[in-house]
Protein chains: 2
Amino acid sequence: MGPKRQPTLDEVAARAGVSRSAASRVINNARHVSQAKRDAVERAVAELGFVPNPTARALATQQVGAVVLALSHHDPAQFTDPFFAQIILGVNAELEKTDLELLLVLANTTQGQARLQRILKSRRADGVMLMALRGDDPLAALADQHDVPVVFGGRPLHAEPRWYVDADNRGGSRLATEHLIGLGRRHIAVITGQMDTDAGASRHRGYLDAMAVAGLSPSRVEHGDFTEPSGAAAMTRLLAAYPEVDAVVAGSDAAAAGALRALKAHGRSVPGDVAVVGFDDLLTAQHTDPQLTTVHQPIHGLGREMAKMLLSLIAGEEPHPLILPTRLVRRASA
Amino acid sequence: MGPKRQPTLDEVAARAGVSRSAASRVINNARHVSQAKRDAVERAVAELGFVPNPTARALATQQVGAVVLALSHHDPAQFTDPFFAQIILGVNAELEKTDLELLLVLANTTQGQARLQRILKSRRADGVMLMALRGDDPLAALADQHDVPVVFGGRPLHAEPRWYVDADNRGGSRLATEHLIGLGRRHIAVITGQMDTDAGASRHRGYLDAMAVAGLSPSRVEHGDFTEPSGAAAMTRLLAAYPEVDAVVAGSDAAAAGALRALKAHGRSVPGDVAVVGFDDLLTAQHTDPQLTTVHQPIHGLGREMAKMLLSLIAGEEPHPLILPTRLVRRASA
DNA sequence: AGGGTTATTGGAAGCGCTCCCGGGCCCTAC
DNA sequence: GTAGGGCCCGGGAGCGCTTCCAATAACCCT
């Protein structure tokens with residue numbers, strides 16, 4: 001094992017022959033220190049390998065130096081979706097510019113939610129990013145209960161939080177549907193994501209928008225939960241109940257992949273018999289056969305913007321909610 | 001916003017009419033407190049909604065109440081692999097039983113590594129779990145540099161850390177290869193994962209083991225990096241350089257999926273022309289066409305065991321390194 | 001030259017908690 | 001009756017840092 005004990009600021013000060021206050025000013029890069037003392041302290045810091053103790057600093061400044069990313073997913077399988085990995089990557093990218101640490105809280109269980117509450121209540125973090133809320137999520141009220149900035153990733157179903165960043169789900173889904181209509185498809189079904197989710201509901205609404213504008217009656221809706229198996233199951237139900245289906249807009253790439261699988265199992269060709277569009281534009285959309293036409297949403301950017309927004313809140317600014325654009329990516333499946 | 005300031009232990013003590021020491025004893029559930037005072041304090045705690053300040057506690061006890069999970073992956077795409085999500089899930093499951101928080105550090109960039117160093121040096125965490133080391137990873141020496149317990153997930157390439165948990169990569173890969181041999185395949189190629197990784201190298205070695213035992217000469221090796229595209233590319237090279245190939249053992253499920261894709265593109269049937277086995281047994285192994293025969297490794301368990309081991313280290317015990325068993329899961333691709 | 005800024009400095013008071021210690025107290029054993 | 005040995009209990013000294021403050025020192029202007 002290495003050094004048993006880290007040097008303290010007092011030791012640095014002693015070695016540099018200055019007061020602790022002066023040493024503190026130097027390491028915080030504050031004013032009112034002569035160049036001579038500054039040099040002396042910096043030398044001592046280097047010689048001793050001093051690193052300020054964040055705990056002590058946190059206690060004194062009332063700033064923890066950490067933020068939490070709370071993910072309120074439905075089940076383990078969902079967390080496994082690369083979507084979350086991308087979010088984490090985005091958040092991390094932004095946080096790397098600062099010296100805030102990232103606390104990860106999986107708030108899907110009651111236990112996890114309690115933990116999040118505790119963290120906020122005891123001010124163990126300077127801010128929170130909250131993702132993927134279910135409609136009834138008790139966490140939605142979090143923002144008001146504690147004196148800690150909270151930014152939402154995606155909106156909760158029945159609330160408009162003060163600060164959030166979201167993708168243009170409705171617009172993207174509308175784009176996708178319009179594309180199918182433009183292709184001449186008329187029996188366009190939809191496989192939704194979880195409808196107790198704003199993303200799920202909004203994407204469905206986007207589909208309805210496009211159908212209404214085109215004067216088509218919404219054909220058929222099957223509910224899924226964004227996952228591959230749910231997409232496959234929904235597609236199977238769809239084929240049974242609505243065999244003339246010639247296009248489907250899925251709530252996610254995973255669901256679309258599931259639909260592809262089910263279509264193949266039933267001997268329908270894609271896009272020949274049935275055109276399919278996904279949503280997300282994950283890497284996996286390029287690994288399906290055929291490659292997936294899908295709605296691109298900037299997931300990494302979503303994570304980044306959440307972090308940015310939180311940082312600016314912590315800095316005392318007043319950022320505005322943000323809706324990131326989505327766009328259609330044309331590939332082979334539609 | 002909610003309550004501006006949390007009550008302190010002093011206020012609790014005052015309200016309960018006891019000394020701060022007594023109040024502290026109560027909330028720490030320590031001895032030497034009369035039932036009367038205990039009740040009084042507990043009432044005050046409830047009324048005030050007191051939650052002890054972890055920062056102050058950490059400063060006093062020299063225990064932070066947090067551990068870090070550091071992921072040293074190669075690139076963003078790799079982090080996106082559900083493998084990591086599973087690890088996180090496993091770690092989290094174990095941590096949920098305690099009141100330790102999870103600090104997530106993406107240590108793939110120089111910046112991330114520096115951050116990890118800083119965290120350790122300033123004792124911002126009580127322990128570290130370190131995953132997925134490249135061969136040359138400077139982080140491998142971490143364990144010796146600081147007075148903080150470190151457990152490795154997977155072994156670094158040229159070192160045997162004091163504490164680690166790993167899957168039986170070599171054994172699993174051998175199993176897979178033996179299975180192919182048992183199927184009567186004789187032109188068995190391998191698509192490796194990153195060879196500067198113990199997992200990559202060990203899986204390759206397992207393949208060699210099986211080939212040697214069967215008296216077969218290792219046919220052909222193409223190097224990949226565990227990812228889907230790398231698997232597809234490797235398979236394409238393989239088909240060109242070694243057209244008689246009738247089986248391939250891939251370094252991961254993703255690579256196997258890529259191989260499947262390439263095979264299909266070249267008009268080879270699976271498993272008819274070429275049998276394919278993967279490694280990992282992710283959910284996605286069931287979503288390929290055909291479903292993937294693969295080596296199951298308990299990823300979630302790996303995360304759990306890492307956390308367990310770290311907890312026991314923190315508790316001052318001396319756990320032993322752990323190698324988790326792998327097993328072959330037979331599906332359609334081989 | 002004198003009054004008024006403005007820089008620098010170290011002392012000391014916290015931040016909110018833990019935990020050692022010594023003083024009461026009561027009970028038991030001799 | 002009294003010396004020990006538990007239990008309770010509160011005082012107080014930290015944990016390592018920031019930051020306010022009062023005291024000097026240096027400097028500017030007219």
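The values are calculated or read from the model by the stated rules, or taken from the named source; none is laboratory data. Just so it is clear, the structure is predicted and the values come from calculations on it, not from any experiment. Reconstructed Cβ throughout: ideal geometry from the backbone, glycine too, with neighbour counts over all protein chains shown. The accessibility values were calculated without ligands, DNA or RNA, using every heavy atom of the protein model including side chains. Shrake-Rupley method; radii C 1.70, N 1.55, O 1.52, S 1.80 Å.
Among residues of region B:29-45 that are within 7 Å of DNA strand D (Cβ to nearest atom), those with a beta-carbon under 6 Å from a residue that is open to solvent by 60 Å² or more (accessible area, probe 1.4 Å) and not small (Gly, Ala, Ser) at least six positions away or on a different chain give the pairs B:VAL33/B:ARG25. Considering region B:287-334, the qualifying strands (runs of 3 or more DSSP E), each wholly inside and each with 3 or more residues that are more than 15 Å from the chain's Cα centre (by Cα), run over B:293-296, B:327-329.
Of the residues A:ARG57, A:ARG123, which is without any contact (Cβ under 8 Å) to a residue 40 or more places away in the chain and within 10 Å of another protein chain (Cβ to nearest Cβ)? Of A:ARG57, A:ARG123, the one residue that is without any contact (Cβ under 8 Å) to a residue 40 or more places away in the chain and within 10 Å of another protein chain (Cβ to nearest Cβ) is A:ARG57. Among the residues examined, A:TYR242 qualifies as over 17 Å from A:THR294 (Cα atoms) and among the hydroxyl-bearing types (Ser, Thr, Tyr). Looking at region B:1-95, the helices (runs of 4 or more DSSP H) lying wholly inside it that each contain 3 or more residues that are within 15 Å of DNA strand C (Cβ to nearest atom) sit at B:9-16, B:20-27, B:35-48, B:54-61. Residues that are out of contact with any helix residue (DSSP H, G or I) (no Cβ under 7 Å at 6 or more places or on another chain) and surrounded by fewer than 24 Cβ atoms within 10 Å (Cβ to Cβ) within region B:165-179 comprise B:ASP166, B:ASP168, B:LEU175, B:HIS179, listed in sequence order.
The set of residues from region B:59-77 being open to solvent by 30 Å² or more (accessible area, probe 1.4 Å) and away from DNA strand D (no atom under 16 Å from the Cβ) comprises B:HIS74, B:ASP75, B:PRO76, B:ALA77. The condition (being open to solvent by 20 Å² or more (accessible area, probe 1.4 Å), under 16 Å from the mean Cα position of the chain (by Cα) and more than 22 Å from A:GLU228 (Cβ to Cβ)) is satisfied by just one residue among A:ALA140, A:ALA159: A:ALA140. Of the residues making up region A:180-225, those that are part of a strand (DSSP E or B), β-branched (Val, Ile, Thr) and open to solvent by less than 20 Å² (accessible area, probe 1.4 Å) are A:ILE188, A:VAL190, A:ILE191, A:THR192. Annotation: of all residues in region B:88-117 being touching a strand residue (DSSP E or B) at 6+ places or on another chain (Cβ under 7 Å) and of a type in the set (Gly, Ala, Ser), the one that is farthest from the other protein chains (Cβ to nearest Cβ) is B:ALA107.
Hey, among A:ARG331, A:ARG261, A:ARG268, which residue is in contact (Cβ under 8 Å) with a residue 40 or more places away in the chain and surrounded by fewer than 24 Cβ atoms within 10 Å (Cβ to Cβ)?
None of the other options fit; the residue is A:ARG331.
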